[in-house]
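Okay, structure first, notes after.
The values are calculated or read from the model by the stated rules, or taken from the named source; none is laboratory data. All figures in this text were calculated on a predicted structure; none of them were measured in a lab. Here the Cβ positions follow ideal geometry from the backbone for every residue, glycine too, while neighbour counts run over all protein chains shown. Ligands, DNA and RNA are excluded from the accessible area calculation, which covers all protein heavy atoms including side chains. Shrake-Rupley method; radii C 1.70, N 1.55, O 1.52, S 1.80 Å.
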Amino acid sequence: MYHDCGQFYACCTDAFFRDSTTDVDDLLPMIMPEMEVQDIDTEEDWAIAELKFLHMKDGNLAP
């Protein structure tokens, strides 16, 4: 099971207008590493995002 991180969506405009959704039959997921996604709904989420950014900036990318 995966969670929609809502970072971006890409689809052909004809598919979107035909089906009125980005959830088309041939939808393909882009599975993102946990270190590269972060909801920011609270101050604690923001602090976690800053830590992840510093970790990635220093070249310590998650596997």
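Among residues other than Lys57 whose Cβ falls under 14 Å from its Cβ, what is the net charge (Lys/Arg +1, Asp/Glu -1)?
Around Lys57, the charge tally is -2.
Can you tell me the relative contact order of the chain? Whole percent, Cα pairs under 8 Å, sequence separation 6 or more.
25
Any idea of the accessible area per residue across the chain, 1.4 Å probe, to the nearest Å²?
I get 92 Å² per residue for the chain.
Along its three principal axes, how long is the chain when you only count alpha carbons? Whole Å, largest extent first please.
Dimensions of the chain along the principal axes of its Cα atoms: 43, 26, 22 Å.
Quick check: net charge around Cys5, other residues with Cβ under 10 Å of its Cβ, Lys/Arg +1 and Asp/Glu -1?
Overall, the nearby charge balance is -4.
Residue separation times 0.36 nm, minus the C-alpha to C-alpha distance between Leu51 and Asp25: what's the value?
Residue separation times 0.36 nm, minus the Cα-Cα distance, leaves 5.6 nm.
Report in % the part of the accessible area of the range 10-63 that belongs to carbon and sulfur, leaving out ligands and nucleic acids; probe 1.4 Å.
With neighbouring chains kept in place, the figure for the range 10-63 is 59 percent.
With only Lys, Arg, Asp and Glu charged, each at its Cβ (+1 for the first two, -1 for the last two), find how big the charge dipole of the range 1-60 is about the Cα centre; round to the nearest 20 debye.
240
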